[in-house]
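What follows is a short report on a single structure.
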Amino acid sequence: MLHTSQLCDSMNDCGDWSDEVFCPNRFDCGGNATADMLHTSQLCDSMNDCGDWSDEVFCPNRFDCGGNATADMLHTSQLCDGTFDCTNKQDECGGECETAGRIVFRILPQTAYRVAALIIGTLAVVLNAGAITLYLMNIRSHNSISSFTNDTMVAVIALGDLMVGGYMVTLFVVDYRTSADYCEEKYTWLGSWQCDTLGVLNAFGTMLSLLSMTVLSLFRIISIKTMMSLAGFGWGNKLKLLLVIILVVVISALISVLP
């Protein structure tokens, strides 16, 4: 016989835990010999007190990875936080993340980014392609090295911007095609040659445009100072301009490809 004060005191006074059964502050692990009865404070505490995670099941602050032996239960703060805590990646790749509007693993994670990439990229490709076409159609109409250099460098800038626009459109297409499995295959994609190629395309187009704008600005300063617009429009000056453009392209390529 036990005194009632010995009931529900977290002690196995009877030897079979019968003095702890049906207690409002106790939880039955279900016959686990090492911890048949737990105090309710041990429920949902991120600890596997029962040995079979039964004290962490159905907790409002817990997420079940789906039977993964190393991390069956996670705290909800670990859900959709950008880190794969479950080895099956369900804490980031399950529908909970997108439903809750939290982090979604896509190349372009927000709708606004996808819309902007498509619209801005398409306009950049179309408009800059038009600018390059007009330049080529009127390439023989220049009557001075100044106007020829100015228009040529603007065409090179347009080529760089066209590449960046192509990068944005391609990124939109790739995002759409990989949206279903990108979460699981994120790191495979990031290490692929396709991802590297897109990165080089973007970097090359950006550097080509920036360096060309720098050269054009320098040329305008020199042109104003020395009145180069009055200089002869001969092949010598054209060759110099060609060499400058080649140098710009080579430097842009090196910056884009080298790590």
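The values are calculated or read from the model by the stated rules, or taken from the named source; none is laboratory data. Because the structure is predicted, anything quoted here is derived from the model rather than measured. All Cβ positions, glycine included, derive from the backbone under ideal geometry; neighbour counts span all protein chains shown. The accessibility values were calculated without ligands, DNA or RNA, using every heavy atom of the protein model including side chains. Shrake-Rupley method; radii C 1.70, N 1.55, O 1.52, S 1.80 Å.
A search for C-beta distances below 6 Å between a residue of region 244-259 that is closer than 13 Å to L210 by Cα and any residue that is at pLDDT 80 or above and of a type in the set (G, A, S), counting only pairs 6+ apart in sequence or on different chains, returns V248/S212; S256/A203.
The residue list V169, V164, V174 contains one member that is modelled with pLDDT of 90 or more, within 14 Å of the chain's Cα centre (by Cα) and surrounded by 15 or more Cβ atoms within 10 Å (Cβ to Cβ), which is V174.
For region 179-188, which residues satisfy the criterion of being touching a residue at least 24 places away in the same chain (Cβ under 8 Å) and surrounded by fewer than 17 Cβ atoms within 10 Å (Cβ to Cβ)?
Restricting attention to region 179-188, the residues satisfying the condition of being touching a residue at least 24 places away in the same chain (Cβ under 8 Å) are 179, 182-184, 186.
Those that are touching a residue at least 24 places away in the same chain (Cβ under 8 Å) and surrounded by fewer than 17 Cβ atoms within 10 Å (Cβ to Cβ): S179, E184.
Of all residues in region 113-127, those being small (G, A, S) and touching a Gly at 6+ places or on another chain (Cβ under 8 Å) number 2.
If only residues of region 39-76 that are open to solvent by 50 Å² or more (accessible area, probe 1.4 Å) and within 27 Å of A180 (Cβ to Cβ) are counted, the one that is modelled with the highest pLDDT is D64.
Report the residue count in region 140-161 for those that are touching a residue at least 12 places away in the same chain (Cβ under 8 Å) and open to solvent by 30 Å² or more (accessible area, probe 1.4 Å). Don't jump to the end; show me each part of the working.
Going residue by residue through region 140-161, those that are touching a residue at least 12 places away in the same chain (Cβ under 8 Å) are 142-161.
Right, trim to open to solvent by 30 Å² or more (accessible area, probe 1.4 Å) and you get 143, 147, 150-151, 154, 159, 161.
Final tally of qualifying residues: 7.
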